[in-house]
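The values are calculated or read from the model by the stated rules, or taken from the named source; none is laboratory data. Note that the structure is predicted; figures quoted are calculated from it, not measured. Every residue, glycine as well, gets a Cβ built from its backbone with ideal geometry; the counts of neighbours run over all protein chains shown. Note: accessible area is taken over every heavy atom of the protein model, side chains too, but ligands, DNA and RNA are not part of it. Shrake-Rupley method; radii C 1.70, N 1.55, O 1.52, S 1.80 Å.
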Amino acid sequence: MGIALEPIELPDWAWERAEVRQALRARDIGAVFRSVQRYAGASQARIATAAGMTQARVNEIINGRREVSRLDVYERIADGLHMPDDARHLLGLAASHEKRSGGVAFDLAAFPEVVRVYATQNSAAQEIQQQAREVRELDILAVRGLGLIGLNDSLLRARLPREQGGRGLRVRVALLDPDSPHLAQRAAEIGESAESLAGGVRLAEARLRELADTCEISVWRYRMLPTWRLIRMDSTLFVGAFDAGWEGHESATYKVMETPHGPLFRGFRRMFEAVIDSSERMV
């Protein structure tokens, strides 16, 4: 009689951690098991039960005295840890095609950069704020940025250092030029006056200037019709879109993580750098 598997459920965000994804790509099961201990609070005995192994074997793997090499063992571990399809793909396994709670309606295994899709920015707010706690580089591409970083109760402002000499952080914010003809076009698209929208941009600039003593911050004005709303925090990117009739925070939001060969993260980062290069610095 085989060992009855009792899958371990990790939080979805745990599979998206950079060190977990690196361990999967390297097929470092010892590191994967250590992450399971850390993020799921699972004991070696619990992992052994889920993966159909003995506790002694799990101990050897965790401590680097044994490696996993057989495909059927990788499959058993993936099933026992209830890996989402994108994690299975990084490990070199086929997708399970099972829908996970809170997941998306298509197979992410073919798109390993896209690790989560949220219906709106608000749905991603907790994840974005959690990611911001340890960030070293923060890039934002927005229209006026008040909801993201410009106001005291905005999404990211509370996560930034509040005192001089706080943790090292580089912040770059690109906002729509309030004197650009594209601002009037954008205002018309969302049913707002150009004066109101321009005032919001100037208010955001003034509030961001207040952060100059707490972190390395620069604010730029770009002159083009807004298309993408970006929040990049180190190697993680949250992407939404602007369109006629909806604000960026109302857009579906994609969480994209940097991978060795993926084009999305690299492309969006390159686009942001191009925007900065063609913009006027205000702060």
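Quick notes
- Structure-derived Cα extents along the principal axes in Å - corresponding label in (i) 55, 39, 31; (ii) 74, 41, 30; (iii) 66, 48, 39: (ii)
- Value of [θ]222 nm, deg cm²/dmol, for the chain, DSSP H segments ≥ 4, -39500 (n - 2.57) each, nearest 500: -11500 deg cm²/dmol
- Backbone HN-Hα couplings from phi across region 243-249 [Karplus 6.51/-1.76/1.60, Hz, Gly and Pro as x]: 8, 4, x, 9, 7, x, 6
- Think of a 1.4 Å ball rolled over the protein heavy atoms: the chain then has 48 Å² of accessible area per residue.
- Sparse packing (at most 16 other Cβ atoms within 10 Å of the Cβ) combined with a DSSP loop state is found for the following trypsin sites (Lys or Arg not before Pro) in region 40-72: Arg65, Arg66, Arg70.
- Contact order, relative form, for region 18-66: 32 percent (alpha carbon pairs under 8 Å, 6 or more residues apart, mean separation divided by residue count).
- Cα gyration tensor shape of region 114-189, rounded if a/c is under 1.5, else prolate or oblate by comparing a/b with b/c: oblate
- Net charge of neighbours whose Cβ lies under 12 Å from the Cβ of Gly92, counting Lys and Arg as +1 and Asp and Glu as -1: +2
- Cα gyration tensor shape for region 161-276, rounded if a/c is under 1.5, else prolate or oblate: oblate
- By accessible area, using a 1.4 Å probe on protein heavy atoms only, the chain has 49% of its surface on carbon and sulfur.
- Cα shape, region 227-283, gyration tensor, a/c 1.5 rule: oblate
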